[in-house]
1. (1) within 14 Å of the ligand (Cβ to nearest atom); (2) over 25 Å from HIS280 (Cα atoms): which one isn't true of SER151, the others all being true?
2. Please pick out the residue among ILE139, ILE176 that is within 16 Å of the ligand (Cβ to nearest atom), modelled with pLDDT of 95 or more and surrounded by fewer than 22 Cβ atoms within 10 Å (Cβ to Cβ).
3. What's the total number of residues in the range 286-345 that are among the charged types (D, E, K, R) and within 30 Å of GLN242 (Cβ to Cβ)?
4. For the range 278-303, give me the residue count where each residue is outside any loop (DSSP other than H, G, I, E, B) and either within 24 Å of TRP220 (Cα to Cα) or of a type in the set (Val, Ile, Thr) (or both).
5. Test SER52 against the stated conditions and say whether it is within 15 Å of the ligand (Cβ to nearest atom), farther than 25 Å from ALA122 by Cα, more than 19 Å from the chain's Cα centre (by Cα) and surrounded by 15 or more Cβ atoms within 10 Å (Cβ to Cβ).
6. Do any residues in the range 311-333 that are more than 13 Å from LEU6 (Cα to Cα) have Cβ atoms under 9 Å from those of residues that are open to solvent by 90 Å² or more (accessible area, probe 1.4 Å), where the two are at least six apart or on different chains, and which pairs are they?
7. Scan the range 266-280 for residues that are more than 22 Å from the chain's Cα centre (by Cα) and surrounded by 14 or more Cβ atoms within 10 Å (Cβ to Cβ) and jot them down.
8. Assess whether GLY192 counts as being farther than 18 Å from ALA225 by Cβ, open to solvent by less than 50 Å² (accessible area, probe 1.4 Å) and not acidic (Asp, Glu).
Amino acid sequence: MSFTYLSQEDLLAAGCLDIRMAMDVAENALLAFKDHRVLFPEKIVQIFSQASQERINCLPATLLDEQICGVKWVSVFPNNPARHGVQNLSAIFVLSEIEKGFPVAVMEGTLASNLRVAAMGALAARHLARRDSEVIGFIGAGEQARMHLLSMKAVCPGLKVCRVAAKTVADEEQFIAEMAPLVPDMQIVAAGTHGRAAMIGADILVTATSAQAPLLKAEWMKPGAFYSHIGGWEDEYAVAQQCDKIICDDWDTVTHRTQTLSRMYAEGLLSGNDIHADLHELVSGHKPGRESDTERIYFNAVGLAYIDVAIGLAMYRRARAVDAGRTLNLQECMIFEHPGIADRVRL
Ligand SMILES: NC(=O)c1ccc[n+]([C@@H]2O[C@H](COP(=O)([O-])OP(=O)(O)OC[C@H]3O[C@@H](n4cnc5c(N)ncnc54)[C@H](O)[C@@H]3O)[C@@H](O)[C@H]2O)c1
């Protein structure tokens, strides 16, 4: 029994940071889910600090058409950047085939996970953002924000200006230093930690922070704007209340989480009747996306494990196609078939 081990470097070298690939895969997975071709159990959450929300989550899913069952084991430690100078989110994926149930891959999962968040935002933007969007504003300048800038630029190539507000000026400067070379035709402007300066008048608004506070104000969102909400509680309730359409990756899942919309639901301020659609309904053409240039539209993705697994699988296949990674042995035979097993048993 053996599996392929893929590090993040293996995946990057194999060309897996591919926004279009991730969007195509996410779209197909959404359609498979709609057709009941996906097993999608509830995730398991273990929270170690209520104050900081440090947690490790276990998110399984099965793609029946692909005959692949996978799990994302993901850590979210919001204090990591400030306290340890390392990333907040880290993840590992295991993929197994479901003929014999054997593992086929163990792979670094932060890349796939962050790419999934960005691909879902971009799929939503394809249906919901104005085609002539030129200005994108961010509150939050971390890993999700960075990947989101790339994916939004991929679907809205007319984006010219990016404004970014973070908790510290240093966070904004790092964002600009790392992202400017990747989007050379865009001007990236630091907002000096002022959310208003980043967001006011923007065509696309993104919040991707580790804060738990109503940072985005409704009055900063102009008519026609598209808002992609990524973190937890990041916007005042009036933002959703003034939007003409609210779309979720999966409303039912949102009702079980702690995002702004989840809080509003728990407090009786929002119900399923207020939700225009789940994203798969736009992708499949069952519901319209943007219908006018003046609609304000709110998109909230809380994360769907089957999209993670689908993107992880696509990465694994692409990596295998170029012989990336290493094959590792898990076991050579069954336990009692091992030569010399009698010498290894301890009673
Ligand atoms: N929706 C999803 O599917 C999904 C997936 C992964 C992560 N997330 C969430 O996205 C958020 C961002 O994750 P990340 O990996 O980018 O984290 P990160 O630590 O890399 O970045 C966090 C950013 O938030 C900023 N920030 C913190 N407090 C702020 C404040 N008060 N005002 C302005 N900016 C502030 C920081 O400056 C930093 O730039 C987290 O809440 C994470 O849990 C959501």
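The values are calculated or read from the model by the stated rules, or taken from the named source; none is laboratory data. As the structure is a computational prediction, the values presented were derived from the model and not from experiment. Using ideal geometry, Cβ is built from the backbone for each residue, glycine included, and neighbour counts are taken over all protein chains shown. Each accessible area value is taken on the protein alone, full model and side chains, heavy atoms only, with ligands, DNA and RNA left out. Shrake-Rupley method; radii C 1.70, N 1.55, O 1.52, S 1.80 Å.
1. Looking at each condition in turn, SER151 falls short on (2).
2. Numbers: ILE139 fails: surrounded by fewer than 22 Cβ atoms within 10 Å (Cβ to Cβ).
When all the criteria are applied, what remains is ILE176.
3. Filtering the range 286-345 down to residues among the charged types (D, E, K, R) leaves 287, 290-291, 293, 295-296, 308, 317-318, 320, 323, 326, 332, 337, 343-344.
Filter again for within 30 Å of GLN242 (Cβ to Cβ), leaving 287, 290-291, 293, 295-296.
Number of matching residues: 6.
4. Within the range 278-303, residues that are outside any loop (DSSP other than H, G, I, E, B) and either within 24 Å of TRP220 (Cα to Cα) or of a type in the set (Val, Ile, Thr) (or both) number 5.
5. On the way: within 15 Å of the ligand (Cβ to nearest atom): yes; farther than 25 Å from ALA122 by Cα: yes; more than 19 Å from the chain's Cα centre (by Cα): yes; surrounded by 15 or more Cβ atoms within 10 Å (Cβ to Cβ): yes.
Taking the combined requirement at face value, the residue satisfies it.
6. That search, which allows pairs on different chains as well, returns CYS333/PRO339.
7. Initially, the range 266-280 is screened for residues more than 22 Å from the chain's Cα centre (by Cα), giving 266-274.
Within the range 266-280, LEU270, ASP274 qualify.
8. Details: farther than 18 Å from ALA225 by Cβ: yes; open to solvent by less than 50 Å² (accessible area, probe 1.4 Å): yes; not acidic (Asp, Glu): yes.
In short, yes.
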